[in-house]
Amino acid sequence: MSKTALVTGILGQDGPYLAKLLLEKGYKVYGLMRRYSNPNYSNLDYVGVTNEVDFVEGDMTDEASILNLVRMLQPTEVYNLAAQSFVKASFEQAKVTTEVNSLGVLHFLNAIKFSSPTTKFYQASTSEMFGLQHTNGYQDENTPFHPRSPYGVSKVYAYWLSVNYRESYGLFTCNGILFNHESPIRGKQFVTRKITDGVARIKLGLAKELRLGNLDAKRDWGFAGDYVEAMYLMLQQDRPGDYVIGTGEDHTVRDFVEAAFKSVGISDWKKYVVIDPQYKRPAEVPALKAKPDKAKRVLNWKTKVSFEELVEMMVKADLKRYGGK
Ligand code: NAP
Ligand code: GDD
């Protein structure tokens with residue numbers, strides 16, 4: 001009998017890449033989406049799997065809808081990607097961030113515990129949980145957490161709850177502690193896509209400037225298409241566990257800006273970039289860099305797309321969207 005997966009956050013960035021991977025592996029894929037008058041399938045369309053996903057309606061904040069879905073579908077695997085995932089917004093909308101990112105996970109874990117205890121559960125944990133902490137300049141599975149935003153705090157709760165339900169009730173739960181991963185379907189609020197979209201518009205004469213916040217922040221940026229493979233691999237192991245997933249390389253936001261402008265032949269990028277305090281955060285995570293040794297050793301996983309390839313892929317896609325070459 002073929003495996004079934006319930007993927008939450010199906011309309012976001014990671015959902016479509018993961019759905020594609022699971023469909024290629026023969027899974028029946030259910031995609032959880034909220035109720036909309038006009039759903040936006042553009043990310044699934046971009047990846048080319050809209051017609052192959054079976055959509056089910058529910059909301060992370062609605063306990064009964066989650067319980068009903070788990071009971072009805074009895075999925076082999078749940079990949080919980082749904083979240084209020086924009087760090088900046090979590091400072092202004094801390095409650096909804098907590099309800100979706102923390103309580104939503106409680107709803108799923110209880111649903112699995114009570115009605116489908118053999119279902120394996122993937123939790124989309126994040127390097128934001130590390131915040132200010134590092135171990136000799138890196139973060140790995142043993143680095144303590146010190147989150148710097150309501151988003152980070154909400155994800156620490158979800159992380160520990162997933163560990164706790166594994167230890168208390170023997171559920172197969174895995175935390176993927178993923179570092180920043182990007183793609184041509186990344187939301188435009190996130191800095192990478194904001195930059196590649198802005199650079200494409202400037203190149204084509206559709207915009208004159210790009211307004212950004214802190215250019216000194218360092219992130220470990222990889223390609224989302226590589227990272228969903230790690231999610232899948234975690235749930236295929238004999239034993240559940242938690243894994244740091246990243247490239248092991250970091251770059252500043254400034255590096256990303258420079259590389260994006262360079263990819264369209266603009267070297268004097270400084271004349272287009274305006275620093276705007278509204279894009280700075282009350283508390284910042286200054287530097288994230290993964291040490292993904294466990295993922296390499298146990299999952300045989302490593303990133304394939306380099307930083308330069310990622311920047312170029314995203315700029316090209318945005319140029320194409322605006323009708324450029
Ligand atoms: P994303 O593009 O923001 O997608 C999140 C999805 O969650 C959206 O489709 C959203 O639905 C859905 N969602 C939000 N609230 C919901 C609710 N109440 N009920 C049901 N669905 C809801 O995020 P992503 O980049 O794909 O990331 C996937 C997951 O990985 C997230 O949990 C994120 O926190 C985590 N993560 C991401 C990264 C990264 O660098 N991308 C790194 C580490 C961890 P709508 O379409 O309706 O808004
Ligand atoms: N969004 C944004 N917009 N960020 C900016 C800007 C700007 O104009 N200017 C500078 N930055 C800086 C932010 O201050 C931050 O240090 C860095 O760019 C990256 O910001 P985002 O792209 O918004 O991502 P993030 O690192 O805060 O969070 C993302 O990665 C996490 C994993 O580490 C999100 O995808 C989270 O959901 C994810 O958990």
Count of the range 145-202 residues which are closer than 12 Å to F121 by Cβ and in contact with a His (Cβ under 9 Å, 6 or more places away or on another chain)
0
Residues of the range 175-208 being over 11 Å from the mean Cα position of the chain (by Cα), within 13 Å of ligand 2 (Cβ to nearest atom) and small (G, A, S), in sequence order, are G198
Looking at S102, is it touching a residue at least 24 places away in the same chain (Cβ under 8 Å), open to solvent by less than 10 Å² (accessible area, probe 1.4 Å), within 16 Å of ligand 2 (Cβ to nearest atom) and of a type outside the set (D, E)?
yes
Answer yes if at least one residue in the range 133-148 is within 16 Å of ligand 2 (Cβ to nearest atom), in a helix (DSSP H, G or I) and in contact with a Gly (Cβ under 7 Å, 6 or more places away or on another chain), and no otherwise.
no
Among (1) part of a helix (DSSP H, G or I); (2) more than 10 Å from ligand 2 (Cβ to nearest atom), the one test that K155 misses
(2)
Residues (exposed (fewer than 14 other Cβ atoms within 10 Å of the Cβ) and farther than 18 Å from G225 by Cα) located in the range 1-25
M1, S2
Does T76 satisfy the condition of being within 22 Å of F190 (Cα to Cα), buried (at least 16 other Cβ atoms within 10 Å of the Cβ) and either modelled with pLDDT under 95 or assigned by TED's automatic domain parsing to the domain that holds G9 (or both)?
no
Which of the following residues is free of Cβ contacts under 8 Å to residues at least 60 places away in the same chain and crowded, with 20+ Cβ neighbours inside 10 Å: T119, T61?
T119
If I go through the range 229-287 residue by residue, how many of them are among the hydroxyl-bearing types (S, T, Y), more than 14 Å from ligand 2 (Cβ to nearest atom), open to solvent by 20 Å² or more (accessible area, probe 1.4 Å) and closer than 26 Å to Y151 by Cβ?
1
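The values are calculated or read from the model by the stated rules, or taken from the named source; none is laboratory data. Remember, predicted model here, so these are calculated numbers, not experimental data. Methodologically, a virtual Cβ is constructed for each residue, glycine included, from the backbone with ideal geometry; neighbour enumeration extends over all protein chains shown. Just the protein is used for accessible areas: all its heavy atoms, side chains included, with ligands, DNA and RNA removed. Shrake-Rupley method; radii C 1.70, N 1.55, O 1.52, S 1.80 Å.
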